[in-house]
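As structure tokens, the structure follows; a few thoughts come after it.
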């Protein structure tokens with residue numbers, strides 16, 4: 001007997017076959033964002049009552065979101081298959097390349113053999129390919145993600161509980177690292193951060209430019225040189241800084257290191273999957289309460305990969 005949800009999805013795609021490919025991909029992104037927002041709202045609602053009640057509610061929320069996430073992933077896969085994007089035929093590579101370009105907003109119209117893609121187009125395609133590869137990896141590990149996320153959260157709770165700390169959820173939109181730091185600055189300054197997340201991005205980019213010799217080795221170790229790239233190392237590093245400054249590119253070790261120096265703050269990152277990390281120890285104020293920026297790193301957050309939250313007193 002055919003699955004009722006699949007039947008409904010097929011009917012819906014048939015009804016919506018007037019949608020263009022780009023419109024469908026845009027709708028998929030919107031639906032994923034709506035599910036992320038729903039998860040945040042449910043988690044906030046669960047953070048009430050006794051600790052035992054909160055723990056029970058949190059597990060119920062995770063199970064509900066896991067089911068909704070799996071259904072949404074299945075729905076999106078079926079709609080993409082309806083468009084001809086399938087991994088079960090000989091055209092998988094071609095279909096995937098076209099889908100990656102569609103996500104990146106690159107035209108699929110045949111181009112002249114003499115035309116040469118611009119550097120910005122290459123960068124968009126590369127970032128889209130990375131995102132597509134990340135999505136494929138997440139999809140392959142979907143069955144393990146739910147249990148991994150629950151284990152990660154439980155381990156993190158065991159660390160934070162005795163310290164009188166808890167996780168403050170941050171919006172998962174690519175700016176999570178900077179939003180989490182902004183939230184910490186709110187707390188440390190008594191309710192009004194001197195910088196918003198966009199200003200923090202600009203500060204980080206400016207600091208990395210001014211100290212490029214310090215960051216180049218780390219940048220090279222994390223960014224493989226393209227064989228056909230005509231850009232110099234300085235050009236590639238500048239493009240990286242521009243992405244940090246003006247896009248929703250995810251932040252990581254490089255940006256965290258720059259943040260410690262920009263803000264002259266000690267930063268500690270708690271994790272349920274890895275040992276805790278401290279950065280900027282030279283800025284640590286001994287004996288001064290609440291002087292450090294405290295973040296949490298989540299490898300399995302939202303079923304969509306890495307994420308940062310803010311850590312605050314209970």
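With a simple spin-label model that places each label point 7 Å from the Cα along the Cα-to-Cβ direction, the separation between residue 129 and residue 211 comes to 3.2 nm.
Size of region 158-314: Rg and Dmax of its alpha carbons, in Å, are 16.2, 54.
Assuming 0.36 nm per residue, please report the length gained on full extension of the stretch residue 151 to residue 119 beyond their Cα-Cα distance.
Full extension from residue 151 to residue 119 adds 7.3 nm.
The numbers here are math on the coordinates, done by the rules we state, and not lab data. Quick caveat, the model's predicted, so the values are computed rather than measured. Neighbour counts are summed over all protein chains in view; Cβ atoms, including those assigned to glycine, are modelled from backbone coordinates with ideal geometry.
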